[in-house]
Amino acid sequence: MDIISGIKSILVAKNVIGPEKEVTKEMRLNEDLGVDSLAMVRLVSAIKAEFGFQVKARDMGPDNFATVATLAAYIKKRLSE
């Protein structure tokens, strides 16, 4: 499974989006996918379970969590550490 598919799976599993929703890398987490503060907490928790690392508090900003692409890049970077 690629990282973007993994992000979509998390968003579906956490009831943020429906399974029929198309997710593209350009989509903004908040505006396009409805990731509010509560959904962000669930997303961060699920990233740990799905990808095996804890999201650092200092990393939780728009540089890493603005769009699906920025989140995927952050996950890829953390997986390579």
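Charged side chains reduced to their Cβ positions (Lys and Arg at +1, Asp and Glu at -1) give the chain a dipole of some 300 debye around its Cα centre.
When the helices of the chain are scored as -39500 (n - 2.57) per DSSP H run of n ≥ 4 and the total is divided over every residue, the value at 222 nm lands at -15500 deg cm²/dmol. Accessible surface area normalised per residue over the chain is 60 Å², counting heavy atoms of protein chains with a 1.4 Å rolling probe. The H on the amide N of residue 67, modeled in the peptide plane, is under 5 Å from the matching H of 29, each at least 5 residues off or on a different chain. Looking at the chain as a GNM with Cα springs under 10 Å, which of 29, 38, 71 has the largest mean-square fluctuation? Evaluated over the chain, the most mobile residue of the options is 38. Among the trypsin sites (Lys or Arg not before Pro) in the stretch 27-81, those located in a DSSP loop and surrounded by at most 13 other Cβ atoms within 10 Å of their own Cβ are 56. The translational diffusion coefficient of the chain, from Stokes-Einstein at 25 °C and 0.890 mPa s with a Kirkwood hydrodynamic radius over alpha carbon pairs, comes to 197 µm²/s.
Per atom type, the chain shows carbon and sulfur on 52% of its accessible surface, probed at 1.4 Å. Qualifying chymotrypsin sites (Phe, Trp or Tyr not before Pro) in the stretch 25-81, where qualification requires a DSSP coil assignment and no more than 16 other C-beta atoms within 10 Å, comprise 53. Between the helical axis of 37-51 and the longest alpha-carbon principal axis of the chain there is an angle of about 60 degrees. The length gained on full extension between residue 44 and residue 30, counted as 0.36 nm times the residue separation minus their Cα-Cα distance, comes to 3.6 nm.
The values are calculated or read from the model by the stated rules, or taken from the named source; none is laboratory data. Since the model is a prediction, treat every value here as computed from it, not as a measurement. As a convention, Cβ positions derive from the backbone with ideal geometry for all residues, glycine included, and neighbour counts pool all protein chains shown. Side chains included, ligands, DNA and RNA excluded: accessible areas come from the protein's heavy atoms. Shrake-Rupley method; radii C 1.70, N 1.55, O 1.52, S 1.80 Å.
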